[in-house]
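First comes the structure, then the notes that go with it.
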C-alpha cells in the first residue's frame, strides 16, 4: 500500500492530467451521443407525426397494409387501362374530309365526303352530293382502308387524308 501511495504522490500531476483527459474524452463522446440521439428523435417524430398513442410497430404494419391496398388498386387500374386501350383501338380515330363540286355548273363546293376510320382502318365513308334539284347522301363500309363498293376519287382522297391524319383540305 505504501508503494501505491508513493506512486500517487510522485505522479499525482500526471494522474490528474490523465483523469482530466479521460473526462474530456468521455464528455466529447457524451455530446456526440446526445447529438445523434436528438437527430434520431427528430426522425422518429417525423415518422409518427400526427399519430397519437401508437407504437412504431403498429404504424409500420398499418403502412404496410395501406401499401398492399395501393398495389391492388394500381393493378386494377392497369387492367382497366388495358381494357380501355383495347376498346379504343376499335373507336373512330381517323377522320378525313373533302369538299368538292359534284357538278360543273354548281359552285361553293357543297358536296362532301368524310371518312371515319378506327385504328385498323375499318369504318365507313359518308358522302353527300348536292345538286340544284336534289341532294343525295349515302355511306359505304370500309375494311382495311378499302371498300367492296366502287369509290369515287373524292372518297378515295377522304380515306387517304384520314389515314395520313389530314382532317381537312380543300380539293383542287
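Go through segment 124-142 and report how many residues are part of a strand (DSSP E or B) and either more than 24 Å from residue 88 (Cα to Cα) or modelled with pLDDT under 95 (or both).
Restricting attention to segment 124-142, the residues satisfying the condition of being part of a strand (DSSP E or B) are 124-130, 135-142.
Imposing the further condition that a residue be either more than 24 Å from residue 88 (Cα to Cα) or modelled with pLDDT under 95 (or both) reduces the set to 127-130, 135-138.
Going through segment 124-142 one residue at a time, the tally reaches 8.
If I filter segment 101-112 for residues that are at pLDDT 90 or above, surrounded by 13 or more Cβ atoms within 10 Å (Cβ to Cβ) and closer than 30 Å to residue 164 by Cα, do I get at least one hit? Scanning segment 101-112 turns up at least one residue that is at pLDDT 90 or above, surrounded by 13 or more Cβ atoms within 10 Å (Cβ to Cβ) and closer than 30 Å to residue 164 by Cα. For segment 126-144, which residues satisfy the criterion of being surrounded by 10 or more Cβ atoms within 10 Å (Cβ to Cβ) and closer than 17 Å to residue 160 by Cα? Passing the criteria: 126, 127, 139, 140, 141, 142, 143.
In segment 55-82, the residues that are under 25 Å from residue 44 (Cα atoms) form Cβ pairs under 8 Å with partners that are in a helix (DSSP H, G or I), at six or more places apart or across chains, as follows: 56/44; 56/47; 59/47. If you check residue 60 against the conditions, is it assigned to a helix (DSSP H, G or I), surrounded by 10 or more Cβ atoms within 10 Å (Cβ to Cβ) and at pLDDT 95 or above? No, not satisfied. In the list 54, 92, which residue meets the criterion of being touching a strand residue (DSSP E or B) at 6+ places or on another chain (Cβ under 7 Å), in a loop (DSSP other than H, G, I, E, B) and on the phi < 0 side of the Ramachandran plot? 92 is the lone residue from the list that is touching a strand residue (DSSP E or B) at 6+ places or on another chain (Cβ under 7 Å), in a loop (DSSP other than H, G, I, E, B) and on the phi < 0 side of the Ramachandran plot.
The values are calculated or read from the model by the stated rules, or taken from the named source; none is laboratory data. This one's a predicted model, so the numbers in the text were calculated from it and none came from an experiment. Note: ideal-geometry Cβ built from the backbone for every residue, glycine included; neighbour counts use all protein chains shown.
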